[in-house]
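The values are calculated or read from the model by the stated rules, or taken from the named source; none is laboratory data. The model shown is predicted, which means the values in this text are computed figures rather than measured ones. Backbone-built Cβ (ideal geometry, glycine too); neighbour counts: all protein chains shown.
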Amino acid sequence: MMITFKEALQKVLEQTLDLGKEEVTLMKSLNRILAEDIQADRDFPPFNRATKDGIAISYSNLVNTPHKFKIEGEATAGARQQILNNKVNCLEVMTGAVVPENADTVVMYEHITLVNGEVVINENVIRGQNIHYKGSDKKQGSIVITKETKISPAEIGVMASVGSSQVMVKANPKICTIATGNELVDIDVLPEPHQIRKSNMLTIEAALATVEIQATSLHIDDDKETIRHGLKKALIENDVLLLSGGVSMGKFDFIPEVMEELGVEKVFHKVAQRPGKPFWFGIHNESKTVIFSFPGNPVSTFANYHLYFLPWLHKSWDIPIEKSYIKLSIELLITPSLTRFIQVKSTWKDGSLWATPVVENGSGDLTSLAQADGFICLEPRDEAYRVGEAVPFVITR
Ligand code: AMP
Ligand code: MG
């Protein structure tokens, strides 16, 4: 009896690793997961900041005795705080400058005129206007970004503002991607008629690059000795192995057998799902290596990477993975007792996201990957899935 997708996923998620954390430079933290709370190292803004170019005045001297203001000098951004020596005067002030001592209000240039070297104010003025007060955004020591946040350019900007030149992020697992098969050749080689280009591992490496993981890679022929030798070394050197091929029923699908010979504990082999049914999953207790051995069909490898490995990775990082749903644009009947993952194109219409299955010639049709935005996940059931019904959506781009 094959296990269900739900059971398989649960078993995978029971094998998460404690990956720990590491320190990287600020720019290297982009797209990583923050492993520390980021605090404001000073008040924000750090001083009363002028938000307009214009003049700084003492408000009570405007209301009590309306008059023309003499310009005493200027306060520029980057200069130390100036002093308005005589409160009946004004200082010219630039955006980003410290509001001068004795001044409490800024009037923008657009609201004043210069008459014989003195300033006349033409508009109504409110006390304290055009000043961004010290500490009004964040107080020193308060948290500006919480840990477990995925670092985007916005977080880079905030961390730069508080001087986080080094950032603690969740560490990544050491991963080796392993292609198996005698038929596979490198992509810069012209394949013989019976050969095909090795594409799966590049797809996986590209997917890993989007989460800032650089994997090593390996290609092993379908030969037991070669497999044993290659896997033995890979198990010692890595936290995770992502394999493709060699786990089906073929005479040369040696992966499960060799894994067990090497002391890798099989957690399960084969899941009641399509595509990706021959998925083999195991752990090497000795080296604490987790092994995802995907069937070689490109769509199967790609689907299983997103369905199992990514949730495993997020759980190992201790962060939730977002669940998405999409509406079906056609009716679908799923009768055989397999969970179905169907490649779909997604489009926005009337404020909702709609899924249209892509034309796909089975899980060996690798060109279909470029047509789809993700997989919808459909459990088998008696009644058809209706048009407009919301179903789980695993986004792959
Ligand atoms: P297997 O799971 O080894 O039986 O492979 C299933 C199909 O996927 C076969 O047609 C393989 O040639 C193909 N395949 C296996 N590995 C790769 C790979 N790395 N890149 C592209 N196709 C592959
Ligand atoms: Mg093979």
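Residue 124 satisfies every condition listed in (1) modelled with pLDDT of 95 or more; (2) assigned to a loop (DSSP other than H, G, I, E, B) except (1). The set of residues from the stretch 371-397 being over 19 Å from residue 273 (Cβ atoms) and either part of a strand (DSSP E or B) or β-branched (Val, Ile, Thr) (or both) comprises 387, 390. Residues in the stretch 236-261 that are of a type in the set (A, V, I, L, M, F, W, C), farther than 20 Å from residue 304 by Cβ and either within 31 Å of the chain's Cα centre (by Cα) or away from ligand 1 (no atom under 15 Å from the Cβ) (or both): 236 alone. In the set (1) part of a helix (DSSP H, G or I); (2) farther than 16 Å from residue 208 by Cα; (3) of a type outside the set (Gly, Ala, Ser), the condition left unmet by residue 305 is number (2). Those residues that are of a type outside the set (S, T, N, Q) and within 15 Å of ligand 1 (Cβ to nearest atom), I need them from the stretch 164-191; list them, please. 176, 178, 179, 181, 183, 184, 185, 186, 187, 188, 189, 191, listed by residue number. On inspection, residue 334 does not qualify as more than 13 Å from ligand 1 (Cβ to nearest atom), in the same structural domain as residue 249 (by TED's automatic domain parsing) and either touching a Lys or Arg at 6+ places or on another chain (Cβ under 7 Å) or closer than 25 Å to residue 256 by Cα (or both).
Per-residue answers, yes or no, for (1) within 27 Å of residue 253 (Cβ to Cβ); (2) surrounded by 20 or more Cβ atoms within 10 Å (Cβ to Cβ):
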residue: 286; (1), (2): yes, no
residue: 316; (1), (2): no, yes
residue: 337; (1), (2): yes, no
residue: 351; (1), (2): no, no
residue: 356; (1), (2): no, no
residue: 359; (1), (2): no, no
residue: 377; (1), (2): yes, no
residue: 388; (1), (2): no, no
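Residues satisfying the criterion are present in the stretch 239-252 (criterion: of a type outside the set (S, T, N, Q), at pLDDT 95 or above, surrounded by fewer than 19 Cβ atoms within 10 Å (Cβ to Cβ) and away from ligand 2 (no atom under 16 Å from the Cβ)). Filtering the stretch 204-235 to residues that are without any contact (Cβ under 8 Å) to a residue 12 or more places away in the chain, within 15 Å of ligand 1 (Cβ to nearest atom) and closer than 22 Å to residue 172 by Cβ leaves only 206. None of 272, 303 is within 16 Å of ligand 1 (Cβ to nearest atom) and of a type in the set (Gly, Ala, Ser) except 303. Among the residues making up the stretch 183-202, those that are crowded, with 18+ Cβ neighbours inside 10 Å and outside any loop (DSSP other than H, G, I, E, B) are 184, 200, 201.
Taking the listed residues 48, 102, 89, 61, the one that is modelled with pLDDT under 95 and surrounded by 15 or more Cβ atoms within 10 Å (Cβ to Cβ) is 61, with no other qualifying. Residues in the stretch 277-292 that are assigned to a loop (DSSP other than H, G, I, E, B) and within 16 Å of ligand 1 (Cβ to nearest atom): 277, 278, 279.
Table: residues versus (1) closer than 28 Å to residue 244 by Cα; (2) under 23 Å from the mean Cα position of the chain (by Cα); (3) not small (Gly, Ala, Ser).
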position: 333; (1), (2), (3): no, no, yes
position: 346; (1), (2), (3): yes, yes, no
position: 370; (1), (2), (3): yes, yes, no
position: 379; (1), (2), (3): yes, no, yes
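Here the stretch 308-331 is the region considered, the condition is being farther than 22 Å from residue 169 by Cα and assigned to a loop (DSSP other than H, G, I, E, B), and the residue that is farthest from the chain's Cα centre (by Cα) is 331.
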